[in-house]
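Okay, structure first, notes after.
Please treat every number below as a calculation from the coordinates, not as lab data. Keep in mind the model is a prediction, meaning the values are calculated, not measured. Note that we place each Cβ from the backbone using ideal geometry, even for glycine, and neighbour counts take in every protein chain shown.
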Amino acid sequence: MDLFPRAWGALQEAVHALEDGQWVTPSGCTGWLVQDLVFHLVIDAQDILITLASTTEAPATRDAVTYWQPSEPPTGTDPEATFVRRSAAAYGTPAGLTHHFDDLAVAAGRAAAAADPATRVETCDEVFTVADYLSVYVVESTMHHLDLVRHLSGVDGPPPETVAAARVMVEKVTGQAFPAGVDDREALLVATGRVPVPAAWGGFTPVVLG
């Protein structure tokens, strides 16, 4: 949870650093341009706000590791992906999308800072502590930050400390040991199926996180 402000803030800074032409560059998410990914981040910010407001006395049913459920590799053609593309395009200009994201992202950051780590919250019919939920978003923010800058230059990537934390979490989720000596960024991209598995990884099976 302590790394959430760092991961979330760095992602906001990256969005602000985008130049006009970069918004229509492919992102690291299958079938999405950078502008599509930023709209997805709008949805993420909304989810954070809604979840942190959805407190419950029920016991936790999942934690920061078991939150992640493996899913099928994305095709970019499913209804949700199409909705995201159409919604991003509807803004017309990057300025409108940036403004919408910024408003929600700042509010989500403030809500997270004010939340009690031990409080339990409900989302997707599951219950988490705030600490675990925000730890999930350290991974989410870091991965999408890597996706955002995947084909860009001049925009900073995620902070090394959040990449390292995300690596630890993803290794736990996959249940497979990463090869020694692999840097954190490569480990995350390979482990989540964003790039092909190198021969040096042996029989490693990527896990698509959804």
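Need the C-alpha centroid separation for region 1-35 versus region 70-88, integer Å.
Using only Cα atoms, the two centres lie 17 Å from each other.
Which ordering of Cys29, Cys124 is given by a fewest-first count of other beta-carbon atoms within 10 Å?
Arranged by neighbour count, lowest to highest, Cys29, Cys124 become Cys124, Cys29.
Tell me, what ³J(HN,Hα) does each residue in region 186-200 have, in order and in whole Hz, if you take phi through Karplus 6.51 cos²θ - 1.76 cosθ + 1.60 with θ = phi - 60° and put x for Gly and Pro?
For region 186-200, the Karplus curve yields 4, 4, 5, 5, 6, 5, 9, x, 7, 9, x, 6, x, 4, 5 Hz.
Search the structure for amide H atoms under 5 Å from the amide H of Val208, placed 1.01 Å from N in the peptide plane, and list their residues when 5 or more places away or on another chain.
Those qualifying (amide H under 5 Å, at least 5 residues apart or on another chain) are Ser71.
Compute the distribution of all C-alpha to C-alpha distances in region 150-210, in bins of 10 Å from 0, and list the percent of pairs in each, rounded to whole numbers.
All Cα pairs considered, the percentages come to 21, 55, 22, 2.
Could you give the radius of gyration (one decimal) and Dmax (whole number) of the Cα atoms in the chain, in Å?
Cα radius of gyration and Dmax of the chain are 16.8, 48 Å respectively.
Mind checking the dipole of the chain: about its Cα centre, +1 per Lys or Arg Cβ, -1 per Asp or Glu Cβ, Debye to the nearest 20? Walk me through the numbers on the way to the answer.
Numbers: 11 positive and 27 negative charges, 63 e Å.
Result for the chain is approximately 300 debye, rounded to the nearest 20.
Can you tell me the mean projection area, over all orientations, of the convex hull of region 88-134's alpha carbons? Units nm², please.
Its average projected convex-hull area is 4.2 nm².
Would you list Asp78, Asp147 from fewest to most Cβ contacts within 10 Å?
Asp78, Asp147
Could you work out the per residue convex hull volume over the alpha carbons of region 12-54, in cubic angstrom? Show your work: numbers first, answer last.
Working: hull volume 3.1 nm³, N = 43.
Spelled out: Cα convex hull of region 12-54, divided by residues, is 72 Å³.
Can you give the Rg to Rh ratio of region 106-157, both from alpha-carbon atoms, with Rh computed by the Kirkwood formula? Can you show the working numbers first?
Values: Rg = 14.0 Å, Rh = 12.7 Å.
With Rg and the Kirkwood Rh in hand, the quotient comes to 1.10.
If I stretch the segment between Val24 and Glu186 completely, what's the gain in nm (0.36 nm per residue apart, minus their alpha carbon distance), one decimal?
That pair, Val24 and Glu186, stretches by 55.9 nm at full extension.
Would you pull out the residues with amide H under 5 Å of Val127's amide H, same chain only if 5 or more places away, H placed 1.01 Å from N?
Long-range HN contacts for Val127: Thr61, Arg62.
Restricting to Cα pairs below 8 Å that are 6+ residues apart, what does the relative contact order work out to for region 52-210? Please round to a whole percent.
Reported as a whole number, the value is 30 percent.
Of Thr142, Thr205, Thr162, how do they rank once you tally other Cβ atoms within 10 Å and put the fewest first?
Ascending Cβ contact count within 10 Å gives the list Thr205, Thr162, Thr142.
Would you mind estimating how fast region 58-120 diffuses translationally, via Stokes-Einstein at 20 °C and 1.002 mPa s with the Kirkwood radius over Cα pairs, in µm²/s?
On the way: Rh = 15.4 Å.
Translational D for this selection: 139 µm²/s.
Could you point to the residue in Val149, Val197, Leu52 farthest towards the positive end of region 4-198's charge dipole, with +1 and -1 charges on the Cβ of Lys/Arg and Asp/Glu respectively?
Towards the positive end, the residue furthest out is Val197.
Once you have the alpha carbon radius of gyration of region 1-95, what is it after dividing by 2.2 N^0.38 Å, with N set to its residue count?
In units of the 2.2 N^0.38 Å rule of thumb, it is 1.27.
Regarding region 56-169, what's the average projected area of the Cα-atom convex hull, expressed in nm²?
Projected over every direction and averaged, the Cα hull of region 56-169 covers 9.1 nm².
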